[in-house]
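Visitor: Before I ask anything, let me first share the structure, which is written out below as structure tokens.
All of the numbers you see were taken from the coordinates with simple rules; none came from a lab. Keep in mind that what you see is a predicted model, and the values were worked out from it rather than measured. So basically every Cβ, Gly included, is an ideal-geometry build from the backbone, and we count neighbours across all protein chains shown.
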Amino acid sequence: MNFKEYIESHKVEIYSEIMKYLPVKPPYEHYMIAREYSERQGSYRRPGLLMLCGEMFGAKKSELLLPSAAMQISEDWILIHDDVEDDSEMRRGKPALHKLYGKEIAINAGDAVHLAMWKIVKDYMEKAGAKSGGRFFDYFYNMLQYTVEGQFVETNFIYNTRDLSKATEELYYRIIGSKTCFYSVYGPMQLGAIVAGQDAETLKILQDIGSPAGIAFQITDDILDMMADEKVFGKQKYGDLYEGKLTLIILHAYRHADQHERTKINRIYRKGRAEKNKKEIEFLVNVIEKYGGIDYAKKEAERYGHMAKQAVLRYGSVLPNNRYKDILMSAIEELYMRKK
């Protein structure tokens, strides 16, 4: 069984758990809107990693369902708010929530989903007991707090700095260190291990595996933004360029561009999403192609993906010798070899 198959084997149960916390009740329109991103589902990679590592270390599926539901629903409300902040066009293959209902209604829907997440966490804490439940809560809270901090750093650059001459790869890695590495990869892995009662040493091992995997995952996401079919990827092509986001791709191109090109790049990046036109985006794409921005990013994704796989092998004698270890290796590979 590979990681995708593993996710599919648990997805229905996790989704069903989430829906219990997003009831259809008065005011009906409010809850129908709030349910929409959850109903569109998504990859379920984060709850998949949580469930996988929990089972790998001996936790029962019944113990992992509520934590997995909390992990997935956290993504659902964060994406609603992110899409408003970025003025994104699409999410999971359909128009973003604020494009359908307006920003005010979308933010309100995100708040409703956010509340449902904490109710799931509370119910898990009561089920697990004060000690185990409290440990899960503290770690879950810290993960989300660091994620929000990373979102601030990124949003502050997009809306206030708007100058690639003030951006570095270190800034890029700071952003993805929280929003992707911690929140999307090793955080869910560690949460699963926490449910299974694992100690700090195990959590450190999972971070060593998940951190480079998260970097590879995000760089791959940046590449797909430039190259993937919108229908497959589920998001607008060149969305990062329209939104003025930092990626290794644009940073590499900017670093190698001449002064005239840099000036023009910054002039485009100072504009908001709605202000950029197709010709300006084409210019950015051409500069990226000219200086090999995508090829550079591909090499970095492969390098970090290899580091993650080597970490799995390095800790092979420490990780439980069961079928879940092979699925974990499949998960690491899928994170940076994916098509969507």
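Visitor: Counting Lys and Arg as +1 and Asp and Glu as -1, what is the net charge of the other residues whose Cβ lies under 11 Å from the Cβ of residue 54?
Guide: In short, 0.
Visitor: Most mobile of 66, 52, 313 per a Gaussian network model of the chain (Cα springs, under 10 Å)?
Guide: Maximum among the listed residues: 313.
Visitor: Using the count of nearby Cβ atoms within 10 Å as a rough guide to exposure, how do 126, 89 rank from fewest to most?
Guide: The most exposed by this proxy come first: 126, 89.
Visitor: Where Rh is the Kirkwood radius over the Cα pairs of the chain, the temperature 20 °C and the viscosity 1.002 mPa s, what D in µm²/s does Stokes-Einstein return?
Guide: Using the Kirkwood radius from Cα pairs, D works out to 104 µm²/s.
Visitor: Related question: For the range 170-202 and the range 43-117, write down the distance between their C-alpha centroids in whole Å.
Guide: The range 170-202 and the range 43-117 have Cα centres separated by 17 Å.
Visitor: Based on the Cα coordinates of the range 1-105, what is the per residue volume of their convex hull in Å³?
Guide: Enclosed volume per residue, from the Cα hull, is 98 Å³.
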